[in-house]
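Structure, as structure tokens:
No lab work stands behind these numbers, since they all come straight from the coordinates. Note that this is a predicted model, so its numbers are computed, not measured. Backbone-built Cβ (ideal geometry, glycine too); neighbour counts: all protein chains shown.
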Amino acid sequence: MTKPLPQESLDQIFLTARSFNGYLDTPVSEDQIHALWDLMKMGPTSANLLPARLVWCVSPEAKEKLAALALNTNGDKIRKAPVSVIIGMDIDFHEQGPELFPHVPNIKDWFPDPAVREVMALRNSSLQGAYFIMAARALGLDTGPMSGFDNAGVDAAFFGDTPNIKSNFISTLGYGDRATIFDRLPRPAFGKFNRID
């Protein structure tokens with residue numbers, strides 16, 4: 001039987017963790033990016049089909065291209081972060097089925113309808129985006145997920161050669177500067193949004 005994580009780990013991943021608006025001037029290495037992927041890819045998705053496609057914007061040029069497509073103050077957040085990440089979703093994720101779910105040789109045949117695939121891609125890439133946030137926190141990094149950007153513009157700029165891939169959301173990544181966060185917003189008690197039948 002697996003033991004619960006210690007309180008310190010729960011704090012780091014959930015209870016004292018925050019979404020950041022700015023970061024310390026400390027780089028994030030390529031090894032850390034690989035380590036983050038190696039954790040987040042282990043989270044469950046439907047039939048292990050892993051539809052998320054990530055673009056890690058590390059160079060000033062890539063961050064500027066993304067920042068120009070962001071709304072309001074999000075552009076400056078992207079420019080100043082050590083890394084910004086586009087969490088995309090592959091509508092043709094089923095093409096990877098024979099490799100990722102080899103138990104069923106004809107798994108590609110399960111997903112003939114592009115509209116159904118798009119719903120599944122959104123759902124499962126969103127899950128993977130949450131795994132990205134939790135994996136970053138587990139590795140001592142911080143994130144600033146956001147949806148305020150021009151999806152179509154990002155798709156054209158970063159996924160133009162692969163029209164089957166669309167952006168879901170973006171996030172900054174680094175070592176958070178606690179001076180850039182607000183007081184924690186309310187989180188309701190169980191009874192407000194839950195019931196046990």
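Give me the helices (runs of 4 or more DSSP H) completely within the stretch 85-196, filtered to those with at least 1 residues that are in contact with a strand residue (DSSP E or B) (Cβ under 8 Å, 6 or more places away or on another chain), ordered by residue number.
114-138, 151-159
Residues checked against (1) farther than 26 Å from LEU49 by Cβ; (2) among the basic types (Lys, Arg); (3) surrounded by fewer than 14 Cβ atoms within 10 Å (Cβ to Cβ):
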{"residue": "MET134", "(1), (2), (3)": "no, no, no"}
{"residue": "ARG137", "(1), (2), (3)": "no, yes, no"}
{"residue": "MET146", "(1), (2), (3)": "no, no, no"}
{"residue": "ALA157", "(1), (2), (3)": "no, no, no"}
{"residue": "ASP161", "(1), (2), (3)": "no, no, yes"}
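Scan the stretch 1-53 residue by residue and report those that are touching a strand residue (DSSP E or B) at 6+ places or on another chain (Cβ under 8 Å) and at positive phi.
If the condition is that a residue be touching a strand residue (DSSP E or B) at 6+ places or on another chain (Cβ under 8 Å) and at positive phi, then no residue fits.
Could you grab me the full set of residues in the stretch 15-36 that are without any contact (Cβ under 8 Å) to a residue 40 or more places away in the chain and either part of a loop (DSSP other than H, G, I, E, B) or not charged (D, E, K, R) (or both)?
The answer is LEU15, THR16, ASP25, SER29, HIS34.
A quick yes/no check of all residues on (1) closer than 19 Å to ALA67 by Cβ; (2) of a type in the set (Asp, Glu):
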residue	(1), (2)
LYS108	no, no
PRO112	no, no
SER126	no, no
MET134	no, no
GLY140	no, no
MET146	yes, no
ILE170	yes, no
ASP183	no, yes
ARG195	no, no
